[in-house]
Amino acid sequence: MKASAISTRYALILGAIALICTTILVGVFLLTRGTINDVVEKQQRSLLLEVVPQKNFDNDFLATCKIIDLPEAPFLNKIYVAKKAGDLTAYAIQATAPDGYSGNIVSLIGITPDGTILGVRVLEHQETPGLGDKIEIRISDWITQFTGILFNKETESSWKVKKDGGQFDQFTGATITPRAVVNNVRQSAKWAVTKLKQHPEIINSFVNCG
């Protein structure tokens with residue numbers, strides 16, 4: 001058998017194998033896509049409930065997700081709008097602190113229109129295990145100290161860690177991480193009770209989350 005014929009034969013065999021493998025992979029993806037999406041959606045809803053309790057809304061909270069694109073507030077990522085009986089009750093704002101000890105810290109912040117923090121959770125970070133990672137709820141309850149705290153012009157000066165003259169605890173031997181989180185929550189709360197409160201229609205200009 002000529003070399004060219006052998007090459008063609010093996011090329012066809014390899015092509016057939018590749019086609020079969022691709023078909024199997026596509027089939028597995030299509031079969032599991034629904035399950036994966038359900039799991040992701042369940043996790044997202046669970047996180048939202050940690051920062052905005054169910055008693056605060058009766059709408060499809062997760063479906064209200066919008067991507068925030070504001071050059072003047074690059075730390076803001078996403079926003080969710082909670083309503084009950086048609087009335088606005090709270091927001092969940094995803095924001096990024098760029099000044100963590102080891103880089104970005106992404107948080108989810110629940111806040112009422114009047115500035116009361118309903119809850120805060122850290123979603124992503126690269127902080128030092130055993131030290132900076134105390135911002136995680138599974139590691140410590142540090143993050144819960146925001147709950148119930150009111151942000152307004154009168155209280156803004158206290159929105160710092162205690163080392164900087166504020167009301168929030170820092171960690172022993174680590175101030176940069178909690179300072180970054182406190183500042184990020186403060187900035188997000190300030191945007192919500194000033195810019196967003198003055199111009200709530202701005203949410204309509206944001207695109208829906210994919």
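The values are calculated or read from the model by the stated rules, or taken from the named source; none is laboratory data. Treat the numbers as computed from the prediction; the structure is a model and nothing was measured. To get the accessible areas, we keep the full protein, side chains included, count just its heavy atoms, and leave off ligands, DNA and RNA. Shrake-Rupley method; radii C 1.70, N 1.55, O 1.52, S 1.80 Å.
Quick one: which residues, 5+ away or cross-chain, put their amide H under 5 Å from the amide H of residue 166? H built at 1.01 Å from N.
Amide H neighbours of residue 166: 160, 161.
Pop out the carbon and sulfur fraction of the accessible area of the range 94-180 as a percent, whole number, probe 1.4 Å.
Heavy-atom surface of the range 94-180 belonging to carbon and sulfur, 1.4 Å probe: 49 percent.
Enumerate the calculated ³J(HN,Hα) couplings along the range 129-142 in order (Karplus 6.51 cos²θ - 1.76 cosθ + 1.60, θ = phi - 60°), each rounded to whole Hz, writing x wherever the residue is Gly or Pro.
x, x, 9, x, 6, 5, 6, 7, 5, 6, 9, 8, 8, 3
Over the range 77-154, give the accessible area per residue in Å² for a 1.4 Å probe, as an integer.
45
Identify all aspartates and glutamates with a Cα-Cα distance to residue 195 below 13 Å; exclude those on the same chain that are fewer than 8 residues away in sequence.
Once the sequence-local aspartates and glutamates are set aside, what remains near residue 195 is 72, 114.
With 22 Å as the limit, write out which pairs from 66/197; 153/197; 163/197; 78/197; 66/190; 55/153 have Cα-Cα distances beyond it, or answer none.
Exceeds cut-off: 163/197; 55/153.
Going by amide H atoms built from the backbone, whose H comes under 5 Å of the H on residue 118, apart from near neighbours?
Those lying under 5 Å, H to H, from residue 118 are 110, 111, 112, 148.
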